Amino acid sequence: MDTLLHPSTSSMAKRPCPSSAENPMLPSFFSQMDNLLLSFLSLSDSSPPVSLDLSFDRLLESAPSDADQSLLIDRAHNLGSLLLRAANRSARKRASLHNSIAWALPPDITIKVFSMLDSQSLCYAAATCSMFNKCAMDPLCYSNIDLTTVVPKVNNAVVSTMIQRAGKSFRSLKLGIVPGPTSSPGSCQPLVYSIRNSVDVSSFSWNDKKTRQGKESSILTRSCLYPLSGDNGAAGTLLRRLHLYNIERMDNASLCVALAACPSLLDLEIVGLHVELRQTLMSVSSNCHLIERLFFESSKTGRDDSLKSPTCVDLVNNCPNISSLSLRGFKLHDYKVRILVKFNPSYYLQGFRKLKYADFSTSYSISGTFLRNLGSGFGGNLLEVLILRDCMHLKEVEVARFLTAVLAGDFKFLRYLDISNREGLASEGDWYQRSYNSSIIPLKQVLEVRPNICLLAEFPSEGCYIDIDHMFDSDVNSEISLPSQLSSHTSDGSLLMSSSESSYNSDQGSGNEEYQVSGFVIYEESSDEVDFLVV
């Protein structure tokens, strides 16, 4: 032990490491060091630890000067540190070797499995051992980046790092906050979400939104998509799928810049972003000509009335491959929807020829007139899924006409239809009069003739309205993220206007000016520019 702590001067001197052929004494030196280390490590664990302390004290006392004692203590610290690092390094090597032998999958298959994990699970796997870490660094593992969370945990730097690791394998990016595991993108359940209203944020502090003392913020900002357009748009060119959820700081300009860098985008999903529908669709129409799926849910249900007919026309003409279209929570009128799904002689165009999935849930101005003659010819006749859930102005007579067309043999590919409305369907003459158990809608006949159709028609058993005076007393400037909860039926049995309609009383009659020409429903563009106020 004394020899171990007092190495010779020749052994401590820094010099090049010659080969054994140049220095025949080198093997014997290594052998001596190995034997010395073995003797040190062979000390019995049962020996009192005080004996090691006493031995070291005797060495210090034998030192001729205080400087020699300090040097001896420093050498003991250095030797202990070297032994600890060597032990840790050897343990990792043994564990990695064991994993490579015990792990049944070869590296290429392991990388393939890791590429199917979400990004958080991939990071957990990479932290287990060096073998997994090496596999997890392969660019293929980052081809589909999923950084969605329930509470804010991801910042712009994480997004940039992940995209850098993906390299040329980059294909998909999901970002933002989702309400929770019960909500799945594409379902009928609203995905618009505010962190302030969440019940899952007990450990989250809004102070984390600020960068303090060099700590990175855990909030995504408008520049989180900059890596897509940076480096001459190299990453954006590779992107095929982009899903963005409830990124509060995202704006129109940043989103449009990102979309301009994604010409090969096939799947776009936008939920709860404070961006305008018209500008977003214009950017998609101008840059994403290959897009096949478009899902857009408004952050302010029923408030966005920005979409214009020319934008619909450009989208149909420039993005002909769209087969799945979801515009949820927007203030859409029937003639705009008809441009998207059916031939309109006013514009001499065909709606999306490949459209199979259409979801216009919570579109407050849709009355259902766009469904007329939809099943004839191309376009709407190819529909497999149609969702009109909670469309406030949806009329029972239009639903009845649509289902009658189904009975007549139209919509041969239709397999899913949702016309549920938590406040009932609107009557023909006055949408204030609600229908909860319509006798004119042939639901049973459709299920008998077309048993392959999944038909959802859920309505309340009775009226669910509040006093209309309370509606006008409410603050018209208050934000509405989701439709308000339904109140109980009035005691006298009268039907009163729902509070969720307080901002939409200007839509009486759906705002659709229409007339009939050659069996088609034509709508005047003027109604797209004017809001009518009921006083």
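The values are calculated or read from the model by the stated rules, or taken from the named source; none is laboratory data. Note that this is a predicted model, so its numbers are computed, not measured. Virtual Cβ from ideal backbone geometry, glycine too; neighbours counted across all protein chains shown. Accessible surface areas use protein heavy atoms only, side chains included; no ligands, DNA or RNA. Shrake-Rupley method; radii C 1.70, N 1.55, O 1.52, S 1.80 Å.
What tally of residues in segment 261-272 results from selecting those that are under 16 Å from Lys174 (Cα atoms) and touching a Ser or Thr at 6+ places or on another chain (Cβ under 6 Å)? Total meeting the criteria: 1.
When Ser130, Ser183 are screened for being open to solvent by less than 50 Å² (accessible area, probe 1.4 Å), at pLDDT below 90 and not assigned by the TED database to the domain that holds Leu259, only Ser183 passes.
Mind telling me which of the residues Leu71, Leu122 ends up being more than 30 Å from the chain's Cα centre (by Cα) and surrounded by 12 or more Cβ atoms within 10 Å (Cβ to Cβ)? Give the steps one after another, and end with the answer.
Details: Leu122 fails: more than 30 Å from the chain's Cα centre (by Cα).
Just a single option satisfies the conditions, and that option is Leu71.
Taking first residues from segment 116-129 that are farther than 20 Å from Ile163 by Cβ and partners that are of a type in the set (Gly, Ala, Ser) and open to solvent by less than 60 Å² (accessible area, probe 1.4 Å), the Cβ contacts under 7 Å between residues at least 6 apart in sequence or on separate chains come to Cys129/Ala95; Cys129/Ser96. Residue selection: Ala405 satisfies the criterion of being at negative phi, open to solvent by less than 30 Å² (accessible area, probe 1.4 Å) and modelled with pLDDT of 90 or more. In this entry, Leu443 passes the filter for residues that are open to solvent by 20 Å² or more (accessible area, probe 1.4 Å) and at pLDDT 90 or above.
Scanning segment 112-127 finds one or more residues that are in contact with a Cys (Cβ under 6 Å, 6 or more places away or on another chain) and either within 22 Å of Ser223 (Cβ to Cβ) or in a loop (DSSP other than H, G, I, E, B) (or both).
Let me confirm something: among Ala136, Ala95, Ala87, which residue is touching a residue at least 12 places away in the same chain (Cβ under 8 Å) and more than 22 Å from the chain's Cα centre (by Cα)?
Details: Ala136 fails: more than 22 Å from the chain's Cα centre (by Cα); Ala87 fails: touching a residue at least 12 places away in the same chain (Cβ under 8 Å).
Just a single option satisfies the conditions, and that option is Ala95.
What's the number of the only condition in (1) surrounded by fewer than 19 Cβ atoms within 10 Å (Cβ to Cβ); (2) in a strand (DSSP E or B) that Arg422 fails to meet? Condition not satisfied by Arg422: (2).
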